[in-house]
Amino acid sequence: MGEHGQKRLIRKLDLERFLSTIKPHPSPRASLEQYTTSEAVAATMLHLAAYTYSDIVGKRVLDLGCGTGRLSLGAAFLGAESVVGVDIDKTAIKTATENTAKASLDTGVDWVVGDIDAVTGSFDTVLQNPPFGVQKRAADRRFLAKALEVGNVVYSLHNHPYTDTRTLSRLKASGGGLLQDAPSPFIQRFAEEHDGRVEAVFTLPLVIPRMFDFHTKARQEIVIDLYVIRRISHLTA
């Protein structure tokens, strides 16, 4: 097991600092919605999974659509027993491999180039920042279905139904930049149809820098939802 999570609780600030060393994709593609998960969002997601729900330390973790490995390596840093990252983009996996070497982690981290449909096996925890379906409609559904097929619990980021100044103001006023919210009826129903139960939904801000030609602003702040979904058959087993 990774020594980090076994010896002491990792501060969220230290986790963010570690995540900031993970090199992003050198040439992201809009068609794959390859937006880097920000250090703040990734740290919030991982810290919550590790210390509020005990789903990282000593667990077998899968990162679907892992990109350059920010969530995967963050899980390893916190003390996951093993981590597997899967992405269809060879350049992303090459960069993730370089990031692993630089991080010098003692947890076993394996990278796989391939489509998520090819993933089999059983994992304690699935982490994912799937495409929101902006470029390809319903792209996130494939990820959610696969995650609930192979994982006991899923931590999945999704686009908030709307972004308005009121929601952003409430998030900023919350101090931690995190609010609990109700699940969207669609995602709740989709989860239930795939043997899942939504345990919690956390709303948080995400800052997207200008990455593609169609971006008109230097940075854009949107609202996203972090879903915690447990597989019902695992709970009743």
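Rounded to the nearest 0.05, what FRET efficiency do ASP115 and ASP195 have when you use their Cβ-Cβ distance and R0 = 22 Å?
Between ASP115 and ASP195 the formula returns 0.50.
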Summing +1 per Lys or Arg and -1 per Asp or Glu among the other residues with Cβ less than 11 Å from THR21's Cβ gives +2
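Do the alpha carbons of any pairs in LYS59/LYS146; LYS102/LYS172; LYS59/LYS102; LYS12/LYS102; LYS12/LYS146; LYS90/LYS146 sit beyond 26 Å of each other, and which pairs?
LYS102/LYS172; LYS12/LYS146
Taken together, the values in this text are just the output of simple stated rules run on the coordinates, not laboratory data. Because the structure is a prediction, the values reported are computed rather than measured. All Cβ positions, glycine included, derive from the backbone under ideal geometry; neighbour counts span all protein chains shown.
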